[in-house]
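Below is one structure; the comments refer to it alone.
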Amino acid sequence: LMRDLKYPIHFKFRVTTLSNDFEATDGDGNTIYYVREKIFKWRDHITVYRDRTKSEMLYEFISNKLIDFQQTFTIYDHEKRVIGKVRRKTIKSLWRSTFNLIDEADKHDHTITEKNPWTKLWDGLFGELPIIGMLSGYVFNPSYILKNEIGEPMFEIRKEPSFFGRKFTVYKQTTKDIDDERFVLSLMLMVMTERSNG
């Protein structure tokens, strides 16, 4: 399923559905993924399709939060092979959102962290204000950095100014030959869990 991805990649959430859906498009405007969270499942279950027809499933993210207070999602491909895992660090998340990326051999090799935790704090406070709080999506826009084990930035994802806070953009920051698809999937998963935080 690996393919050459053209950057920047845009995530745009649909605001008209009950489910938590978004479409990912590449730098040429082509749809590369359609991501859907099953809202009424007994545990978190997110499905990644090739497009919004949902006729071809590419990946699944399945959470084990029933048994793990540090919520971990496992990423499976369409043949149920493990691509990797994303584990949210709950203690640090109270201040700075942190996600550990674990490869298919169960080794922690990359980390996603919030660039400036103050942004999320102010977004949360501003969003509580009557009327003008609706504009927080235009004022405070967090960004996150995906780094490798020696701290080199690989990707940055930014929340774009929008009325409903529904748009994110992924920028690749390395020229190294890396497994782009696994990291873009991990950023999708992070956005799904963080979106309610601004």
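Restricting attention to the stretch 126-185, the residues that are at pLDDT below 85, among the aliphatic types (A, V, I, L, M) and in contact with a Ser or Thr (Cβ under 7 Å, 6 or more places away or on another chain) add up to 0.
The residues in the stretch 175-194 that are under 15 Å from M154 (Cβ atoms) and either polar (S, T, N, Q) or not in a helix (DSSP H, G or I) (or both) can be counted, and the count is 6. Residues that are surrounded by 16 or more Cβ atoms within 10 Å (Cβ to Cβ) and either modelled with pLDDT under 85 or touching a Pro at 6+ places or on another chain (Cβ under 9 Å) (or both) within the stretch 186-196 comprise T193, E194, R195, listed in sequence order.
The values are calculated or read from the model by the stated rules, or taken from the named source; none is laboratory data. Keep in mind that this is a model prediction, so the values were computed, not measured. Note that each Cβ is placed from the backbone with ideal geometry, even for glycine, and that neighbours are counted across all protein chains shown.
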